[in-house]
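The values are calculated or read from the model by the stated rules, or taken from the named source; none is laboratory data. Everything quoted here is computed from the prediction, not taken from an experiment. We place every Cβ from the backbone using ideal geometry, glycine too, and count neighbours over all the protein chains shown. Note: accessible area is taken over every heavy atom of the protein model, side chains too, but ligands, DNA and RNA are not part of it. Shrake-Rupley method; radii C 1.70, N 1.55, O 1.52, S 1.80 Å.
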Amino acid sequence: MVDAAAIARLRAAYSDELARAATAADVQALRDRYLGRKQGAVTALWREIAHASPEARPELGRLANDLKTHIDTTLSERRAALAPSKPSTPRLDLTLPARALARGSRHPLSALLERIEHIFARMGYEILDGPEAEDEYHNFEALNMPPEHPARDMQDTLYLAHPLATRSSHLATLLRTHTSPMQIRYMETAQRPVRIIAPGRVYRRDNLDVTHTPMFHQVEGLVVGEGITMGDLKSTLIGFLRQLFGEDRPVTFRPSFFPYTEPSADIFLGCTCRGAGCGVCKQTGWLEVLGSGMVHPAVFEAVGYDPERYTGFAFGAGIERLAMLLHGIDDIRLFYENDMRFLEQFPS
Ligand code: DAH
């Protein structure tokens with residue numbers, strides 16, 4: 001029958017064996033012999049204690065528990081003592097040269113957009129963001145392009161299969177073909193006077209080639225107030241182009257047509273060939289950079305502004321086109337291919 005003396009003997013026997021354990025394998029063997037789940041001596045003790053008298057059981061249980069804890073901790077200590085010691089100095093070669101940090105840079109389109117925003121912010125313009133999925137009212141109709149207008153053609157515009165649920169869900173939803181709908185969106189809610197730019201993505205059904213991508217960026221501008229004139233349009237846009245391209249680049253205005261402006265003007269920048277004629281300007285000496293004009297009275301009527309009282313000018317430019325002219329890039333696709341050899345030429 002198990003008693004306190006038997007437990008003490010087991011403890012003494014264990015101590016002898018522990019003293020002789022010299023390797024990790026010895027320690028593992030001892031653990032199996034004493035604490036093993038099936039054959040372990042201490043494990044067997046528990047089974048015997050279960051048959052001891054109820055009065056003796058608590059004390060025997062305590063002694064057996066002590067022994068188990070003792071064996072457990074002393075075996076762990078011995079195993080730690082036998083473990084091969086780690087080298088005390090880390091294997092670092094401090095004389096190796098440091099690895100250079102790969103430094104990213106701004107994408108040329110982001111960098112240009114930021115410059116443009118700065119130029120207009122300094123002139124007191126508000127910078128707006130707007131939806132790319134647009135309805136045909138804002139993209140066309142309110143801009144004086146009625147349903148039969150050729151610009152609405154399926155050939156040019158990407159329509160969504162189903163209209164998005166909006167205030168006017170009977171209208172087709174499309175990917176905006178220009179940023180001009182932001183003129184309408186802003187005037188629908190804003191107080192006069194208005195002085196905004198709205199940069200963002202636009203979409204057209206174009207195939208990829210050197211001058212076309214189905215998605216590109218534009219920046220829209222709109223200024224509305226009492227007594228705004230064509231002179232304000234000219235001075236603003238000449239000032240903008242000078243800040244972007246330098247003081248000595250000639251700028252000229254030519255009559256044009258947009259349904260939402262009257263009169264309308266295309267703005268041209270003198271080519272770097274200085275009129276000698278080159279491939280970039282197609283031998284003309286001039287590069288088209290902006291569309292613009294005085295806001296058409298029909299547009300004011302669509303947003304509930306009194307065209308007798310208010311006048312304004314609007315303009316729109318392609319960001320990719322401006323970036324191509326600024327940096328002498330001849331293929332628009334380069335902006336979207338993420339070729340490091342291209343991007344690394346624009347450190348920022
Ligand atoms: N929306 C025109 C385009 O996509 C650009 C434009 C022309 C915007 C004249 C204007 C404007 O605001 O007045 O080509």
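Of the trypsin sites (Lys or Arg not before Pro) found in segment 283-348, those in coil by DSSP whose Cβ has at most 11 other Cβ atoms within 10 Å are Arg309. Pairs of alpha carbons in the chain separated by more than 31 Å make up 56% of all such pairs.
When the P(r) is computed for segment 211-251, the part past 16 Å accounts for 55% of the Cα-Cα pairs. In percent, rounded to a whole number, the relative contact order of the chain is 15, using alpha-carbon pairs under 8 Å and six or more apart.
If I ignore ligands, DNA and RNA and count only protein heavy atoms, how much of Met324 is accessible to a 1.4 Å probe, in Å² to the nearest 10? Ignoring ligands and nucleic acids, Met324 comes out at about 30 Å². Based on protein heavy atoms only, the chain ends up with 58 Å² per residue of surface accessible to a 1.4 Å probe.
Extension gain for the segment Asp3 to Thr69, taken as residue separation times 0.36 nm less the Cα-Cα distance, is 21.9 nm to one decimal.
Spatially, segment 116-166 and segment 274-314 are offset by 16 Å when compared through their Cα centroids. Straight-line reach from Lys38: taking Cα to Cα under 17 Å and skipping same-chain neighbours fewer than 8 places apart, the aspartates and glutamates in range are Glu48, Asp72. Full extension of the segment from Ala100 to Arg57, taken as 0.36 nm per residue of separation minus the current Cα-Cα distance, would add 8.4 nm. Once the C-beta distance of His149 and Cys273 is scaled by a Förster radius of 35 Å, the resulting FRET efficiency is 0.40 to the nearest 0.05.
Maximal additional length on extending the His107-Asn338 stretch stands at 82.2 nm, based on 0.36 nm per residue less the C-alpha distance. Counted over the chain, the DSSP beta bridges are approximately 95% antiparallel. With Cα atoms as the point set, segment 4-81 shows a radius of gyration and Dmax of 13.0, 42 Å.
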